[in-house]
Amino acid sequence: MFAKISFWGLWVGLIGYAFLLAPPNQPDTFELIIKLSTGAWEGINPLIIALFNLMGILPLIYACLLFIDGRGQKIKAFPFVLGSFGVGAFAILPYLALRNSNPEFSGQKDWLIKILDSRFTGIILTIGTVILLVFGFSQGNWEDFIRQWQTSRFIHVMSLDFCFLCLLFPSLLNDDLARREIGNLLIFWIVSLVPLLGALVYLCLRPPLPDKSLATILSTQQPAGN
């Protein structure tokens, strides 16, 4: 219950900060979003380009856990995952507040879960993230980024959203480890203490979920010796 209240509190606090305390909107914000979305990046600080695109990768990282976690929840994960592509942690936090602990996976893996459970998906997300990080850090202008962070609500809130998404990932990790019968707490702490990259390495290395097909379920129900 404390965790649920904490997530609701973070959600309300994040909304309040974004609208009441963050810097004001700039007149060119909509134009900037259009340029970032369409790849018209000329003249835009590479750090902002990298951050904007990472905000598209992070929801995919969460999707690799949320759709699996949502299989055993009363609420569907899909609306929250879809919303996270537009508003990031503003959509993820309500799911975390509404979900219950779900350390088991039941039933068969459908095509979507097979894709999200695949290590190949984790590798693709890792490659994309590393490219963006190298691009942003090597080509970006930090002085300009800090200035925009201090004066633009869009840049300010997007940066804050990025940090929240990186830090909230461990809240789903314990159950995902349990579903894969991984009892090593060291893995949890390594992933938790290395934001973003720790989550990506986990997606690349985690063992696949057991696919409890009908044949498997029937075989486990047969008496021993038959």
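The values are calculated or read from the model by the stated rules, or taken from the named source; none is laboratory data. Nothing here was measured: the structure is a model prediction, and the numbers come from that model. So basically every Cβ, Gly included, is an ideal-geometry build from the backbone, and we count neighbours across all protein chains shown. The accessibility values were calculated without ligands, DNA or RNA, using every heavy atom of the protein model including side chains. Shrake-Rupley method; radii C 1.70, N 1.55, O 1.52, S 1.80 Å.
Taking 8 Å as the Cα distance limit and 6 or more residues as the minimum spacing, I'd like the relative contact order of the range 1-147 as a percentage.
This gives 37 percent for the range 1-147.
Distance between the 7 Å Cα→Cβ label points at Asp144 and Phe30: 2.4 nm. Shown here are the Rg and Dmax of the Cα trace of the range 128-168, at 11.4, 29 Å. Computed in the context of the full set of protein chains, the accessible area of the chain at 1.4 Å probe radius has 69% of its extent on carbon or sulfur.
On a 0 to 90 degree scale, rounded to 10, what angle separates helix 89-98 from the longest Cα axis of the chain? So the helix axis and the longest Cα principal axis differ by about 30 degrees. Derived scalar couplings between HN and Hα for the range 194-202 equal 10, x, 6, 5, x, 5, 5, 4, 4 Hz in order, rounded to whole Hz, by the Karplus curve 6.51 cos²θ - 1.76 cosθ + 1.60 (θ = phi - 60°), x for Gly and Pro. Taking every protein chain into account, the accessible area of the chain amounts to 55 square angstrom per residue (probe 1.4 Å). Taking Phe164, Phe78, Phe30 as the candidate residues, the one with maximal mean-square fluctuation in a Gaussian network model of the chain, Cα springs under 10 Å, is Phe30.
Relative to the longest principal axis of the Cα atoms of the chain, helix 29-38 runs at roughly 50 degrees. Per residue, the chain reaches -22000 deg cm²/dmol at 222 nm when only DSSP H runs of four or more residues are counted, each adding -39500 (n - 2.57). For the chain, a crude dipole built from +1 on the beta carbon of Lys and Arg and -1 on the beta carbon of Asp and Glu, taken about the Cα centre, is about 560 debye to the nearest 20. The alpha-carbon atoms of the chain define a convex hull whose volume equals 143 cubic angstrom per residue. In plain terms, the bigger the Kirkwood radius, the slower the diffusion; for the range 1-64, with that radius from Cα pairs, at 37 °C and 0.692 mPa s, Stokes-Einstein puts D at 228 µm²/s. Note on the range 1-108: Rg/Rh from C-alpha atoms, Kirkwood Rh, equals 1.05. How would the range 49-136 be classified by its alpha-carbon gyration tensor: rounded, prolate or oblate, with rounded meaning a/c under 1.5 and the a/b versus b/c comparison settling the rest? Note, shape of the range 49-136 comes out oblate. Highest mobility in the GNM of the chain, judged by mean-square fluctuation with C-alpha springs under 10 Å and restricted to Phe80, Phe105, Phe145, is found for Phe145. Highest mobility in the GNM of the chain, judged by mean-square fluctuation with C-alpha springs under 10 Å and restricted to Asp175, Asp69, Asp28, is found for Asp28.
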